[in-house]
Amino acid sequence: MDSDALVSCGAMMLGFVADYWRSLEARPVVPNVKPGYLRQLLPTEAPEQPEPFQSIVDDLESTIMVGVTHWHSPRFHAYFPTAASYPAICADILSGGIACIGFSWIASPACTELEGIVMDWLAKAMDLPEFFLSTGNGGGIIQGTASEATIVALLAARSRIFTEKKAEDSTLTLGRLLDQLVVYCSDQAHSSVDKGALIVGCQIRKISSGPDCVMRGEQLEAAIAEDRKKGLIPFFIVATLGTTATCAFDDLMSVGRVCEKEHIWMHIDAAYAGNAFICPEYRHLLNGIEYAESFNFNPHKWMLVNFDCSAMYLKDRKHFIDAFNVDPLYLQHEYQSSAPDYRHWQIPLGRRFRSLKLWFVFRSFGLDGLRKYIRKHIQLAEYFISLISKDARFEIIFPAPQLGLVCFRLKDGSNELNKSLFDALNNDKRIYLVSANVKEKYILRFAVCSSLTEEKHIESSWNVIDEVATKLLSS
Ligand code: PLP
């Protein structure tokens, strides 16, 4: 490592990033490029000789930045947010600088220990049940994504049910069991649950949510009874808190009670909405978490921690260690019975020092600052509602706002007309939204995403929607 070069190039890079953030508001939120644009701009072979760092930086605007979708533009309202802040960026620099791989305690003790500590801080900030703390049988781990967390939970649940069934029938094979295993989730759950079931190799059954997009225990119980009659084995359910399309919350209490009665593993996917639970006024949405075996949300979505940082809590880490424990001699160490080795709680072996990001963010903003950040986004979503509600052409769909998300459509418009509005907005390119199909209705989603967003941006985005709708309706 050339430390002098690191200092000068690092300063150049930080300057570039700082300028980028200063310029975000002025940049078009979606780039004006077509697939393959970059191949036309870059050489077909890697350079044989080293190039000065400055010339790489000089090329950034004309090659990379012209093809970036600006997720932190205050006019970005698509998907759910992805978080970014200067402390998290600095922590990532440190993680890159230390460049350790903390798969076991001995592989980098600070990496493992800081993760346990900040995950406990986070659990306490959300008032999670004590069994999720590292002081009991459970604990928290940082996974890369919510999708990964669902797969890890699924694999642990599969391992648990296999052990139990094998105790009843010693001839049972996993292949035979897989034919009978059923995963459940709401018809509103994220596609990562389908993918998880595909990867793990078991069938999935979607439970019909109510008109409010909420999954309830009653429908789940009926489906389980039907499946048991067919000789199937229900073993895993994903309850979603904050569905992707409308940010609906499954009824954890009733779903949880069914899971307890039926001995089914409940995993909670609160990818976006989970962040709001650090605010006491939203904590009630988590009531019923006592029934969960695993819980996950993404601080990288809404807690000012840059991607990737997906916080996963396990009630009993034994199920994960049983599922993932391979223990070759080269990975063993003298402290492995007295310290957690996160390699047994995840799919890959290698892992980055991601807890630095959480630590830096907690210390730089404090819980108070993080709560203020979340509340501000929710207030901005409420402000958007106050603007759109004055216009009789539009209707808000589903109780709103659902945290920082507002779902809306043209009131008396067909799905086709609403799709035309969406297409016109995206062709206009001044703001960026995505749409969804919910309960046979085509809806537009407006999410408050950027840390730069202020009321004036909400007004300006609303003005774009108003203008584009007026043009569309008069044509
Ligand atoms: N679950 C829900 C409810 C989501 O909204 C999303 C993405 O927005 C995901 C899971 C997938 O998240 P990740 O990209 O972390 O896998």
Checklist entry - Applying the selection to segment 149-159, what residues are surrounded by 21 or more Cβ atoms within 10 Å (Cβ to Cβ), under 15 Å from K315 (Cβ atoms) and away from the ligand (no atom under 16 Å from the Cβ)? => result A156, A157
Next on the checklist: Looking for something away from the ligand (no atom under 16 Å from the Cβ), free of Cβ contacts under 8 Å to residues at least 12 places away in the same chain and surrounded by fewer than 15 Cβ atoms within 10 Å (Cβ to Cβ) - is there at least one such residue anywhere in segment 66-77?
Outcome noted: no
Checklist entry - Which residues, taken from segment 286-335, are within 16 Å of the ligand (Cβ to nearest atom), over 26 Å from I89 (Cα atoms) and either in contact with an Asp or Glu (Cβ under 6 Å, 6 or more places away or on another chain) or of a type in the set (S, T, Y) (or both)? => result S294
Checklist entry - Are any of the residues in segment 259-268 within 11 Å of the ligand (Cβ to nearest atom) and under 13 Å from the mean Cα position of the chain (by Cα)? => result yes
Checklist entry - In segment 166-209, how many are surrounded by 13 or more Cβ atoms within 10 Å (Cβ to Cβ), closer than 14 Å to D227 by Cβ and more than 16 Å from the ligand (Cβ to nearest atom)? => result 6
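Please determine whether any residue of segment 436-452 is part of a loop (DSSP other than H, G, I, E, B), among the small types (G, A, S) and in contact (Cβ under 8 Å) with a residue 40 or more places away in the chain. Spell out how you get there, then give the answer.
Step one: list which residues in segment 436-452 are part of a loop (DSSP other than H, G, I, E, B), which gives 439-440, 448-452.
Those left that are additionally among the small types (G, A, S): 450-451.
From what's left, in contact (Cβ under 8 Å) with a residue 40 or more places away in the chain: 450-451.
The answer is yes; a qualifying residue exists.
Would you mind finding the one in D127, D120 that is modelled with pLDDT of 95 or more, over 17 Å from Q346 (Cα atoms), away from the ligand (no atom under 16 Å from the Cβ) and part of a helix (DSSP H, G or I)?
Working: D127 fails: part of a helix (DSSP H, G or I).
Answer to the check: D120.
Which one of these is touching a Ser or Thr at 6+ places or on another chain (Cβ under 9 Å), under 19 Å from F76 (Cα atoms) and of a type in the set (S, T, N, Q): S435, S451? Step through it out loud before you land on a result.
On the way: S435 fails: touching a Ser or Thr at 6+ places or on another chain (Cβ under 9 Å).
S451 is the lone residue from the list that is touching a Ser or Thr at 6+ places or on another chain (Cβ under 9 Å), under 19 Å from F76 (Cα atoms) and of a type in the set (S, T, N, Q).
Go over the candidates I458, I465 one by one and state the one that is surrounded by 21 or more Cβ atoms within 10 Å (Cβ to Cβ), within 26 Å of the chain's Cα centre (by Cα) and part of a helix (DSSP H, G or I). Let's see the steps before the verdict.
Working: I465 fails: within 26 Å of the chain's Cα centre (by Cα).
Testing whether each residue is surrounded by 21 or more Cβ atoms within 10 Å (Cβ to Cβ), within 26 Å of the chain's Cα centre (by Cα) and part of a helix (DSSP H, G or I) leaves just I458.
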Checklist outcome for this item: Being free of Cβ contacts under 8 Å to residues at least 40 places away in the same chain, in a strand (DSSP E or B), of a type outside the set (A, V, I, L, M) and touching a strand residue (DSSP E or B) at 6+ places or on another chain (Cβ under 7 Å) narrows E382, E395 down to just E395
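Each row is one residue, and each column tells you yes or no for (1) of a type outside the set (G, A, S); (2) under 19 Å from F365 (Cα atoms).
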| position | (1), (2) |
| --- | --- |
| G274 | no, yes |
| C279 | yes, yes |
| E293 | yes, no |
| F307 | yes, yes |
Next on the checklist: Whether any residue in segment 21-34 is surrounded by 14 or more Cβ atoms within 10 Å (Cβ to Cβ), closer than 30 Å to W359 by Cβ and among the polar types (S, T, N, Q) is what I want to check.
Outcome noted: no
Next on the checklist: Which residue is surrounded by the fewest Cβ atoms within 10 Å (Cβ to Cβ), if the candidates are limited to segment 398-431 and must be in contact with a helix residue (DSSP H, G or I) (Cβ under 7 Å, 6 or more places away or on another chain) and either among the hydroxyl-bearing types (S, T, Y) or in a helix (DSSP H, G or I) (or both)?
Outcome noted: D428
Item to check | Meets criteria (closer than 27 Å to Y272 by Cα, among the aliphatic types (A, V, I, L, M) and out of contact with any Lys or Arg (no Cβ under 8 Å at 6 or more places or on another chain)) for A46 | outcome: no
Checklist outcome for this item: Picked from segment 213-256 (must be of a type in the set (V, I, T) and away from the ligand (no atom under 12 Å from the Cβ)), the residue surrounded by the fewest Cβ atoms within 10 Å (Cβ to Cβ) is I233
Item to check | Filtered residues of segment 200-254 (kept if free of Cβ contacts under 8 Å to residues at least 60 places away in the same chain and among the acidic types (D, E)) | outcome: E218, E221, E226, D227, D251
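Any chance you could count how many residues in segment 11-22 are over 25 Å from the mean Cα position of the chain (by Cα) and within 14 Å of T453 (Cα to Cα)? Let's see the steps before the verdict.
First, the residues of segment 11-22 that are over 25 Å from the mean Cα position of the chain (by Cα): 11-16, 18-19, 22.
Adding the requirement that they be within 14 Å of T453 (Cα to Cα) leaves 22.
So the answer is 1.
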Checklist entry - If you go through segment 419-428 one residue at a time, do you hit one that is among the small types (G, A, S) and more than 25 Å from the chain's Cα centre (by Cα)? => result yes
Next on the checklist: Which of the helices (runs of 4 or more DSSP H) found entirely inside segment 154-260 contain at least 3 residues meeting this: touching a Ser or Thr at 6+ places or on another chain (Cβ under 9 Å)?
Outcome noted: 191-200, 217-229
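The values are calculated or read from the model by the stated rules, or taken from the named source; none is laboratory data. This one's a predicted model, so the numbers in the text were calculated from it and none came from an experiment. We place every Cβ from the backbone using ideal geometry, glycine too, and count neighbours over all the protein chains shown.
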